[in-house]
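Quick notes on the structure that follows.
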Amino acid sequence: MGIPPLFRCPISLDLFKDPVTLCTGQTYDRSSIEKWLSSGNSTCPVTMQKLHDSSIVPNTTLRHLIDRWLQINCSLGYDLDYFQAVDDSFVVLKHNLQSKESTLETKVEALERVLALSEDLPFENCPLIQLDFFQMILELALENAVKSSNFEENLIFIEKALSCGLKLLSFSDLRTLNMLKEDESKFTNFLILFKKGTFTIKKRLCHLIVAISSSLQLKELLSIMGKSKILIQELVHLIENQLDGYEESIKALSALSSLEHNRQVIVKENAVKALIAYIVNAPKCQYASIMAMRTIETLLVVESAKEEILNHPNGVSAIVKMVFRVSSDNEASESAVNSLIIVCQDFMDAREEAICCGVLTKLLLLLQSQCSERTKNKARMLLKLLRSMCTGDQKQAF
């Protein structure tokens, strides 16, 4: 652990020796702010507000907290030199990653050190967070996407960089990812990595997409990603062919589908077809198949998605398959039933095919299961819909 940010002077970045506060409420070390003011400056260095009062007031509370912190750590055998050494080691680590003079091997070693530190250190006051390693590492990964020399080695570096980034992600400011929106070249490099990177890189990028979808402050970025045909095509390709990373791709596609205005593009790039193909071949009780079913349900607000279900040789049967399975997740059953309601309301052919695929038996089994009351109500709605459209002979099946 390093020196807490609160205990550092914003000007010198060193531990406060004599903290004083300006009229703006910002605290600085006395020697640093006096030097700033004596140089003719009449603003607050942090806020850049004009100082209507140049007087400085000792911050005795902060001074007391620092003294107490030093006493506690000294009693544990840690002196100020120790904390300074920790800080210096992280500064060197960051320099090794950023320096153009560092070899690729040196940078990979530095990333391995970051990975080890992210496992071992508590993150409160960790210099990895204080020095914003997350943003720096993510930028390095994107920069290396377009380096033609030592391409294979660059991929190893990018894999490790993204692994480090994901380790730090939960403790970092997600708004940092807006760099992909604000700098077009960075988003272009993101797409290049998705197209030409290893399966490991693609999986790491899928995790970033899911993280982006979890933040309201990144909604605009998620919208940009959802409109990228290149990105959707790559995700669909991984899912359709069940290549390494297809489960992460389903989660990423689901995240992109959370925005309604993304769904038209996603459906247009054959996402529904890929998800159906996955469900048909997926083993029982796999979480990815549940996520795939939920995503299909989400995409059915698009009219062409309904037609794709109907026109696909396994479209309706794949959804019927998800209505009831032994040890099946209740969420998958509800999504499947709701999807059938949406499709069957508009298409007689869908109703007939669902009945031929055994949906009636599955619905009756579902009603006798331990699923939620909401799911059972949906099942009853679907039974009623199917019965109202059946012939006299078919009604005997109910």
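How much length is gained on full extension from F171 to T361, taking 0.36 nm per residue of separation minus their Cα-Cα distance? Intermediate values should be presented prior to the final figure.
On the way: separation 190, 0.36 × 190 = 68.40 nm, distance 4.87 nm.
Separation in residues times 0.36 nm, less the Cα-Cα distance, equals 63.5 nm.
Using 1/(1 + (r/R0)^6) with R0 = 22 angstrom and r between the beta carbons of V210 and H237, what's the FRET efficiency to the nearest 0.05?
0.75
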Kirkwood-based shape ratio for segment 295-389, expressed as Rg/Rh from alpha carbons: 0.93
Cα-based helix-to-principal-axis angle, 151-169 vs the chain, degrees rounded to 10: 80 degrees
Degrees between helix 229-240 axis and first principal axis of the chain (Cα, 0 to 90, nearest 10): 60 degrees
Tilt relative to the chain, helix 271-281 - C-alpha long axis, 0 to 90 degrees, to 10: 70 degrees
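Whenever you get a sec, compute what percent of the accessible area on the chain sits on carbon and sulfur atoms (1.4 Å probe). Display every interim value, and only then the final one.
On the way: 9930 of 19730 Å².
With neighbouring chains kept in place, the figure for the chain is 50 percent.
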Coarse-grained scattering of segment 190-321 at q = 0.14, 0.16 Å⁻¹, given as base-10 log I(q)/I(0) from a Debye sum over alpha-carbon atoms: -0.55, -0.73
Segment L115-L131, length gained on full extension (0.36 nm per residue, minus Cα span): 4.2 nm
Estimated [θ] at 222 nm from DSSP helical runs (n ≥ 4, -39500 (n - 2.57)) normalised by residues in the chain, nearest 500: -20000 deg cm²/dmol
Alpha-carbon spread of the chain, three principal axes, descending order, Å: 95, 49, 43
Cα centroid separation, segment 173-200 to segment 298-323 (Å): 32 Å
Max mean-square fluctuation residue, GNM over the chain, Cα-Cα springs under 10 Å, options N330, N59, N311: N59
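Tell me, what is the per residue accessible area of segment 240-337 in Å², probe radius 1.4 Å?
Working: 3740 Å² over 98 residues.
Here the residues of segment 240-337 average 38 Å² of exposed surface.
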Rg(Cα)/(2.2 N^0.38 Å) for segment 160-215, N = residue count: 1.08
Mean accessible surface per residue for segment 14-53, computed with a 1.4 Å probe while every protein chain stays in place, in Å²: 56 Å²
Residue among T200, Q345, P58 farthest towards the positive dipole end of the chain, charges placed on Cβ: Q345
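In nm, what is the difference between 0.36 nm times the number of residues separating T188 and C23 and their Cα-Cα distance?
Values: separation 165, 0.36 × 165 = 59.40 nm, distance 4.53 nm.
Extra length from T188 to C23 when fully extended: 54.9 nm.
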Charge dipole magnitude, Cβ of K and R +1, D and E -1 - the chain, Cα centre, debye nearest 20: 1380 debye
Zone residues, segment 7-25, relative to K50, backbone N less than 17 Å from point 7 Å out along Cα-to-Cβ: 23-24
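Summing +1 for each Lys or Arg and -1 for each Asp or Glu, what net charge is found among the other residues whose Cβ lies under 10 Å from the Cβ of E248?
Net charge in that neighbourhood comes out at +2.
The values are calculated or read from the model by the stated rules, or taken from the named source; none is laboratory data. Just so we're clear, the structure is a prediction, and the values are computed from it rather than from any experiment. Quick reminder, even Gly has a Cβ in these numbers, built from the backbone with ideal geometry, and neighbours come from all protein chains shown. The protein model used for the area step is the full one, side chains on, heavy atoms only, and it has no ligands, DNA or RNA in it. Shrake-Rupley method; radii C 1.70, N 1.55, O 1.52, S 1.80 Å.
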